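Here the structure comes first, spelled out in structure tokens, and everything after it is commentary.
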Amino acid sequence: MEFHVITGRPEAVAAGVLVVFHREGATSLQGAAALADRALEGVLSQAVSSGEFKGQYGEVKTTHTYGRLGAGRVVLVGLGKAQDLKLDRVRGAAAAACKAIRRAKEASGAFILEDEVFGDLAVGRLAQAITEGAALGLYDFQKYKTRDIENDHPKELLLVIGPGEPAELEAANLEGVRRSVAIGRCLADATNLARDMVNEPANTMTPTRMWEVATQVAQDWGLECACLDRDEMEAMGMGALLSVAQGSRQPPRFIILRYRGGPEAQGKPHPAFLGKGVTFDSGGISLKPAEKMELMKGDMAGGAAVIGAMRAIGEIKPSINVTGIVPAVENLPSGEASRPGDVLRALSGKTIEVISTDAEGRLILADALAYARREKLSPLVDIATLTGACAIALGPFYTGAFTNNQPLLDRLLKASEEAGERIWPMPMHDDFEELIKSQIADVKNVGGREGGAITAAHFLAGFAEDTPWVHLDIAATSQSETERPDQPKGATGVAVRTLVGLALSLAEG
Ligand code: BES
Ligand code: MN
Ligand code: ZN
């Protein structure tokens, strides 16, 4: 799909569909919706006054224009209640509109950016949100369908800024809005890359395939990609990661993506993003129940988010160095698999008693965190589908966040707010340390059922040590059982946009 920023008037825009918006509870149509309504002799306002169209978030109504407007149809979209009107609502409403355009099998759509219905949201940010919504909302994963393939995606979206301004102001506006569209496009593409990787089944998205994707991303966007193989990890002493990998015939891959932000990056922090890359989590010898086990192909969503974020960072090119680290393994039972009761020596030198081979994410991240510390990377942010307990604690809409450094978490939460990704801070307290003490080793990998997300975070904290660190548990948010405006069922690509936002924020100082 192509995005074009043009100037023009709503009534005159030549497109398959003109998209206009309405806020729930507003008594009359505003802005472009009111203009379109006048041309259509009240069709839209009648739908509103009769109560047929309420303007609820994501609600759509499509009408033909019978030649009364430049566009062939109008899609009226609900923005939800005025007090909730934030960018994420615009993103979702734009996504809903684009799906209506697709249902109508129209090839193009137009959005009016200067519209009083958006209140005081700035035009550039609106353009970015609409672009993101369009590209995220139209995402689908059809590569394994040999029939019933739907190929009716709109080809072109127009983002329209009104004429009537002095020529030089208009030109400056156009340039600025085009930049915003490019950023939105970049973030959506990166999110969709992560979605593709998570939706891909585990028989193709192996650790080696993740490395290939990372290599391709590096080539396309000017990053460096390195990968440690099993022998190199052995020589280094990554005993925790290797124990997870030893039951599978798929060789483990320790993937490193480096972005260098040029001379201006000197003196700034050099963050590392670490993503759990378990390409299939059967539980190992501590085998999971069969029900929903197929979802465990998505246990590499943290790694996919890191690769997606590094791709966007390579495109946006902020003046900061960023390293992405993805320990990638498959967790299967076999005659070679690790056992409950095994004791491992992690890269940091700590010994770990394995209580459950299904608590494998924290094992591979322990070695990744130690590696990042050796490389003097700071701050550290890990992203992992780590615990079912996090889903029990927070439900399906919030990522859990844990930290040893509140200012870092505050900065990340600000980035997530702007990205429209919901993250909730979770408690950490020394009391939890007791729960992961082992009789025979320094630490054990399970702290019991209660507070399972928190004991997992404490386990990781012991490997982040004194480096500023945030842990994001995306077990509940990486895949969705329901369709939402800007995401279909399945992989969400969560955390990509928050990570990019954090990198940009750190680059600014
Ligand atoms: N990958 C799972 C966590 C998970 C569960 C992600 C459901 C997405 C959906 C993780 O490796 C795991 O198995 N965790 C165990 C930990 C337990 C053994 C302490 C869990 O959550 O049950
Ligand atoms: Mn597991
Ligand atoms: Zn797992």
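DSSP loop (so not H, G, I, E, B), at most 16 other Cβ within 10 Å: list which chymotrypsin sites (Phe, Trp or Tyr not before Pro) in segment 17-112 pass both filters. When the chymotrypsin sites (Phe, Trp or Tyr not before Pro) of segment 17-112 are filtered for loop state and at most 16 Cβ neighbours within 10 Å, 66 remain.
On full extension of the chain, what length is gained from residue 226 through residue 26, given 0.36 nm per residue of separation minus the C-alpha to C-alpha distance? Could the numbers behind the result be given before it?
Numbers: separation 200, 0.36 × 200 = 72.00 nm, distance 5.52 nm.
Net length gain for the segment: 66.5 nm.
Past the 16 angstrom mark, what percentage of all C-alpha to C-alpha distances in segment 28-95 do you count? Beyond 16 Å sits 46 percent of the P(r) for segment 28-95. Only helical runs count toward this figure. For the chain, summing -39,500 (n - 2.57) over DSSP H runs of n ≥ 4 and dividing by all residues gives -11500 deg cm²/dmol at 222 nm. Take the Cα of residue 11, step 7 Å toward its Cβ, do the same at residue 249, and the gap between the two points is 7.0 nm. For segment 262-299, the set of trypsin sites (Lys or Arg not before Pro) satisfying both a DSSP loop assignment and a count of at most 16 other C-beta atoms within 10 Å is given as 292. Equivalent-ellipsoid semi-axes for the chain (Cα gyration tensor, √(5λ), whole Å, largest first): 45, 23, 20.
Among the listed pairs 105/155; 61/105; 297/376; 288/437, which have their C-alpha atoms separated by more than 22 angstrom in this model? Exceeds cut-off: 297/376; 288/437. Applying 1/(1 + (r/R0)^6) with R0 = 45 Å to the Cβ-Cβ distance of residue 428 and residue 212 gives a FRET efficiency near 0.75. Taking a straight Cα-Cα cut-off under 18 Å and skipping sequence neighbours fewer than 8 places away in the same chain, the lysines within cross-link reach of residue 317 are 268. Within the straight-line cut-off of under 16 Å between alpha carbons, the aspartates and glutamates reachable from residue 54 are 24, 37, 84, sequence neighbours fewer than 8 places apart in one chain being disregarded. Size of segment 2-162: Rg and Dmax of its alpha carbons, in Å, are 14.9, 48.
Show me the GluC sites (Glu not before Pro) within segment 333-394 that DSSP assigns to loop and that have at most 14 other Cβ atoms within 10 Å of their Cβ.
For GluC sites (Glu not before Pro) across segment 333-394 that sit outside H, G, I, E and B with at most 14 neighbouring Cβ atoms in 10 Å, the list reads 336, 375.
If R0 is 45 Å, what FRET efficiency do you get for residue 2 and residue 234 from their C-beta distance, rounded to 0.05? With R0 = 45 Å, the Cβ-Cβ based efficiency is 0.40.
Relative to the present Cα-Cα distance, how much length would full extension add between residue 508 and residue 482 at 0.36 nm per residue of separation? Intermediate results must be reported in sequence, preceding the final value.
Values: separation 26, 0.36 × 26 = 9.36 nm, distance 3.67 nm.
The residue 508-residue 482 span can extend by a further 5.7 nm.
Bear in mind these aren't lab numbers, they're just calculated from the coordinates by the rules spelled out. It should be emphasised that the depicted structure is a prediction, and the values quoted were computed from it without experimental measurement. All Cβ positions, even for glycine, are placed from backbone atoms using ideal geometry, and neighbour counts span all protein chains on display.
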